[in-house]
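Remarks on the structure that follows.
The values are calculated or read from the model by the stated rules, or taken from the named source; none is laboratory data. Everything numeric here is computed off the predicted structure, so don't read it as measured data. Glycine also receives a Cβ, built like all others from the backbone with ideal geometry; neighbour counts cover every protein chain displayed. Just so you know, the surface numbers come from the protein's heavy atoms only, side chains and all, with ligands and any DNA or RNA stripped out. Shrake-Rupley method; radii C 1.70, N 1.55, O 1.52, S 1.80 Å.
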Amino acid sequence: TYRKWVHCGVPPLFRNRRFENFRAHNAQARHALEAAKQLVAGDIQALALIGAVGTGKSHLTMAIIADAVRKGESCKWVSVPDLLRELKATFTKGSETTTEEVIARLERPQVLALDEIGAATGSTWELATLSALIDERYRNGGAIVLTSNVRDLASGIGERGADRIDEMGVCLALTGESYRSKAADDPGLQ
């Protein structure tokens, strides 16, 4: 299980994030926690968490991955800005990796988490790339989790992708103060 956990790509800082130590500080956070558990249970296929920084979006994503790994499922977490840089690097002559290889790594896991949607430039190419990843899940199955600081999901993934997420699951907005600064003093998050 540990090898699967490390292979997921979850940064070491977040490897202790679980449902049990999530701080549901308001009704929106409690609703998001329940939706995250529904995704792991297979009741919904997609969960998009949008809103202010530090409201628990990444924590819930890591908790989803942790639970899925414990159930024996394959998972992959990726930072969208890093993913887009990696894909752009495949366009250069002499690249040792192809675009198809990068995309294939994202199609295989049972749970795919795309973190920081909308943190890049939001170009037409970026929106089309994210929409294609979402469409692959839509057509072929597998769970998908998206996190973003955008105000509406369509601005981060395009209308087509947002429409598919709406059909596959739920998009929830989280608000409130950032609890990131409090994490350093919270023994449950150490």
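Can you tell me the accessible area per residue over the chain, all protein chains present, probe 1.4 angstrom, in square angstrom? Can you show the working numbers first?
Numbers: 9480 Å² over 190 residues.
Using a 1.4 Å probe on heavy atoms only, each residue of the chain averages 50 Å².
For segment 58-120, the list of GluC sites (Glu not before Pro) that fall in a loop by DSSP and count at most 15 other C-beta atoms within 10 angstrom reads Glu96. Placing a label point 7 Å from the Cα of Arg15 along the Cα-to-Cβ direction, the residues of segment 68-86 whose backbone N falls under 15 Å from that point are 69-70, 77.
I'd like the carbon and sulfur percentage of the solvent accessible area for segment 62-189, probe radius 1.4 Å, heavy atoms only, ligands and nucleic acids excluded. With neighbouring chains kept in place, the figure for segment 62-189 is 49 percent.
Overall, segment 45-87 carries a charge dipole of about 60 debye about its Cα centre when +1 sits on the Cβ of Lys and Arg and -1 on the Cβ of Asp and Glu, all other atoms neutral. With a Förster radius of 30 Å applied to the C-beta separation of Lys71 and Asp166, the computed FRET efficiency comes to 0.70. Put simply, the amide H of Ala48, placed in the peptide plane, has neighbours under 5 Å in Leu146, Val170, Cys171, Leu172, leaving out anything fewer than 5 places away on its chain.
For a Förster distance of 35 Å, can you work out the FRET efficiency between the beta-carbons of Trp5 and Ala27, rounded to the nearest 0.05?
0.70
Across segment 65-72, coupling constants 3J(HN,Hα) worked out from phi with the 6.51/-1.76/1.60 Karplus curve, θ = phi - 60°, read 4, 4, 5, 5, 5, 4, 7, x Hz, and Gly and Pro carry x.
When +1 charges are put on Lys and Arg Cβ atoms and -1 charges on Asp and Glu Cβ atoms, the dipole computed for the chain relative to its Cα centre reaches about 540 debye. Helices in the chain, meaning DSSP H runs of at least 4 residues, each add -39500 (n - 2.57). Divided by all residues, the mean residue ellipticity at 222 nm is -14500 deg cm²/dmol. With the dipole of the chain worked out from charges on the C-beta (+1 for Lys and Arg, -1 for Asp and Glu) around the Cα centre, which of His7, Ala24, Ala143 lies farthest toward the positive end? The residue sitting most towards the positive pole is His7. Could you check what % of the DSSP bridge pairs in the chain are antiparallel, to the nearest 5? For the chain, the DSSP antiparallel bridge percentage is about 0.
Label zone of Val102 (point 7 Å out along Cα→Cβ, amide N under 19 Å): in segment 131-151 this covers 131-137, 147.
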